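Working notes for the structure below.
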Amino acid sequence: MPVKLQMASRTMAPPSDSAPPRMEPLLQAHFHFIWRLLRRLGVPDAVAEDATQEVFIVAMRRLVDIEAGKERAFLYGVALRVASDARRLTARRQETGAAVLELVPAGGPDPEQLLEQKEARALLDEVLAHMSEEVRVVFILFEIEEMTTVEIAACIQVPVGTVASRLSRARKDFHAHAKRLQLKRGIR
């Protein structure tokens with residue numbers, strides 16, 4: 001029986017009914033990380049669930065190729081490609097359909113809090129979208145996913161010094177763009 005995971009006010013069940021034994025721990029350990037990573041890499045909320053499943057489908061097909069202890073790095077690489085494909089596909093479609101109403105679980109945040117959270121996520125997405133991908137990835141992994149520079153270096157396969165340099169540049173980019181947005185929107 002699949003374990004239900006809470007994601008963005010919706011319940012998602014990672015596919016695990018007929019998965020190999022090694023797949024279930026992989027899903028449990030990295031499902032949320034991959035979903036968040038895809039969202040922060042510019043995958044729209046409407047396709048983030050499908051993109052996350054695609055990452056794990058690739059992982060299941062290539063399970064024998066994934067070295068023990070390097071699962072996160074493998075999933076990260078797959079997620080980068082899936083995010084790129086999803087952004088390209090979404091840009092081509094440019095669907096302008098009606099907004100989809102999200103279900104609010106009982107006892108959850110009130111509508112005002114949900115609106116504030118949605119606006120904050122939109123601002124974060126806008127700021128992240130203005131960063132180059134190489135610095136955005138490091139920023140996301142360090143500041144949002146709370147990985148160490150050593151873990152990030154192993155994950156993206158660059159020296160620790162390169163991670164530190166990109167993180168410094170990302171922070172400057174983040175603060176500069178956030179400040180421009182605040183001035184533009186009259187926020188103090």
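The values are calculated or read from the model by the stated rules, or taken from the named source; none is laboratory data. Since the structure is predicted, the reported quantities are computational estimates derived from the model, not experimental observations. Note that each Cβ is placed from the backbone with ideal geometry, even for glycine, and that neighbours are counted across all protein chains shown.
General observations
Rundown of residues vs (1) farther than 20 Å from HIS130 by Cβ; (2) modelled with pLDDT of 90 or more; (3) among the charged types (D, E, K, R), yes/no style:
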site: GLY42; (1), (2), (3): no, no, no
site: ALA46; (1), (2), (3): yes, no, no
site: VAL55; (1), (2), (3): yes, yes, no
site: ALA59; (1), (2), (3): yes, yes, no
site: ILE66; (1), (2), (3): yes, no, no
site: GLY69; (1), (2), (3): yes, no, no
site: ALA83; (1), (2), (3): no, no, no
site: GLY97; (1), (2), (3): yes, no, no
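- ALA164 vs. criteria among the aliphatic types (A, V, I, L, M) and more than 17 Å from the chain's Cα centre (by Cα): yes
- Considering residues of the range 14-59 that are in a loop (DSSP other than H, G, I, E, B) and hydroxyl-bearing (Ser, Thr, Tyr) only, the residue surrounded by the fewest Cβ atoms within 10 Å (Cβ to Cβ): SER18
- Options ALA86, ALA73: the member that is more than 16 Å from VAL137 (Cα to Cα) and touching a helix residue (DSSP H, G or I) at 6+ places or on another chain (Cβ under 6 Å): ALA86
- In the condition set (1) modelled with pLDDT of 85 or more; (2) outside any helix (DSSP H, G or I); (3) among the charged types (D, E, K, R), GLU102 is compliant with all but (1).
- For the range 136-159, the tally of residues that are farther than 18 Å from ALA178 by Cβ and either in a loop (DSSP other than H, G, I, E, B) or among the aromatic types (Phe, Trp, Tyr) (or both) stands at 7.
- Evaluation of ARG88 against (1) part of a helix (DSSP H, G or I); (2) among the charged types (D, E, K, R); (3) modelled with pLDDT of 85 or more (one fails), failing number: (3)
- Residue, nearest to the chain's Cα centre (by Cα), within the range 60-83, restricted to residues that are more than 23 Å from GLU146 (Cα to Cα) and either part of a helix (DSSP H, G or I) or in contact (Cβ under 8 Å) with a residue 60 or more places away in the chain (or both): MET60
- Filter pass, ALA153 being at pLDDT 90 or above, closer than 13 Å to TYR76 by Cβ and touching a Ser or Thr at 6+ places or on another chain (Cβ under 8 Å): yes
- Hits in the range 129-181 - residues which are surrounded by fewer than 17 Cβ atoms within 10 Å (Cβ to Cβ) and among the hydroxyl-bearing types (Ser, Thr, Tyr): SER132, THR148, THR162, SER165, SER168
- When every residue of the range 5-22 is checked against the conditions, none turns out to be outside the structural domain of GLN157 (by TED's automatic domain parsing), on the phi < 0 side of the Ramachandran plot and at pLDDT 85 or above.
- In the range 67-82, the residues that are surrounded by fewer than 17 Cβ atoms within 10 Å (Cβ to Cβ) and among the acidic types (Asp, Glu): GLU67
- Among the conditions (1) over 23 Å from GLU143 (Cα atoms); (2) surrounded by 13 or more Cβ atoms within 10 Å (Cβ to Cβ), the only one that VAL64 does not satisfy is (2).
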